[in-house]
Amino acid sequence: PLPKRCHETRDPLQQLRTMNSNKDTNTQLKAAIVVLGVSTVGLLSTTVKLALNPDSNARGHAVVSSATNEERELAGYALETIFSKATNVCADKKIPLDNVDCVHQPGPQAGANVTKGFKGLLEVDVTPNTKNYWQSSMCPVNVHWHLGTEHYSVGEYDENGSGPNGNVEVPYRRKLAEGEVQDGFRCHHYDENDEKFTRPYEWKHCKGMVVGETYEVHWPHSAAGACGTANQYQTPFYDGVFCNLDLETLQTLAPQDIASAVGVQGQIFTIVNDDSYYYPDLIRGWVVDAEMGMGQDIAIYTGSTTGESRSNEICSSYSPITWQVDRKCHMISASSFDKLCYDMKMQRDDMSDDLYAHGSRELVTPEYVANNQQSRRLSDAHEEHDHHHDGHDHDGHHHHHQWF
């Protein structure tokens, strides 16, 4: 007998429906293939046009980004950075200590004469921290600078220096016209006939800076800072210095404890419009470059915070802290400073109040300067953070807050 299936019969209507269904499916597949082919050609064409027209590409990207942002806003998403959502643990950590009349001797003051051989007249029993700060578990918590110098080094930055805005009078006798920012001493590099001191620079991040001028840069360091975190750099710098230190604990510390745990690096520069003097990493600390003599001849003593709110009549109560100051003045490119200001803008805390030069305290008289000056000459540039330059030959050589 034949197999059973040969005896089976099928509904003719059902067979027709099946045939028509198969035809429809084939037709749909063919149509889909045609549409995909056309779309692919269109995408390729658009890609070629965008590649040949970058302006159009940028405009298109901007439109897409804008639309995406609008969609997110409509969806209720706040367009914030991770930093704006995070907590600045150092905010408002400053411990306020008022300025006092200098006759009350709150402690040794800064900035001082750092010329080799100078000794202050104020007897102290505190020793400055002569180590590299990182060796004392300290980190930079801020960077800022002053117009002219607050310190004084004969033949390097003194009353005989010059700049596009002149210089100040002999030490201890400064006069200030009303409304002017108090400035300090100038270096001896400036030459009005050399265009690297006079050619304007297009500043993108720093404010009010001038090519040819002298600036004293300060890097406050603290063992109580938020070292190695996103909160390390702070404005005002007091927030960074006291980030992990409260008043109750501060009152238990001896003066030597403070001088060993809080300090400032100070380095003096004349700005030039010449990128052969470019150093890219100023936010990390002073420049140590043995070939260029930078960060090599260091004066060390204990002093105080500085700034134009202090003088030889009104003294700072933030004392004693260690000062390590480069006795030499160095040239540095305007682009180095602008890169520094850019880096400052990238910090979690708002450092915009430190993107310009602050006023300088008048040179402290010897009576208020500690008698513990020491020197350190760095023979090994690798002992500290080493800023490498590009190997150019430099001039024939081989290669309103209160502030520190």
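For first residues located in segment 84-95 and open to solvent by 80 Å² or more (accessible area, probe 1.4 Å), partners that are modelled with pLDDT under 95 and lie 6+ apart or on another chain with Cβ distances below 9 Å form the pairs Lys85/Ala78.
Restricting Tyr157, Tyr133, Tyr152, Tyr190 to residues that are among the aromatic types (Phe, Trp, Tyr), modelled with pLDDT of 95 or more and under 30 Å from Asp350 (Cα atoms) narrows the list to Tyr133.
When Met344 is tested against (1) over 27 Å from Val89 (Cα atoms); (2) modelled with pLDDT of 95 or more; (3) open to solvent by less than 20 Å² (accessible area, probe 1.4 Å); (4) in contact with an Asp or Glu (Cβ under 7 Å, 6 or more places away or on another chain), just one condition goes unmet, and that condition is (1).
Modelled with pLDDT of 95 or more and part of a loop (DSSP other than H, G, I, E, B) - does that describe any residue in segment 261-277? Reasoning before the result, please.
Just the residues of segment 261-277 that are modelled with pLDDT of 95 or more, to begin with: 261-277.
Retained after the next criterion (residues that are part of a loop (DSSP other than H, G, I, E, B)): 273-274.
Yes, some residue in segment 261-277 is modelled with pLDDT of 95 or more and part of a loop (DSSP other than H, G, I, E, B).
Checking each residue in segment 295-306 for being in contact with a Lys or Arg (Cβ under 7 Å, 6 or more places away or on another chain) and surrounded by 22 or more Cβ atoms within 10 Å (Cβ to Cβ) picks out Ile298, Ala299, Thr306.
The values are calculated or read from the model by the stated rules, or taken from the named source; none is laboratory data. As the structure is a computational prediction, the values presented were derived from the model and not from experiment. Positions of Cβ are backbone-derived with ideal geometry, glycine not excepted, and every protein chain shown enters the neighbour counts. With ligands, DNA and RNA removed, areas are computed over all heavy atoms of the protein, side chains included. Shrake-Rupley method; radii C 1.70, N 1.55, O 1.52, S 1.80 Å.
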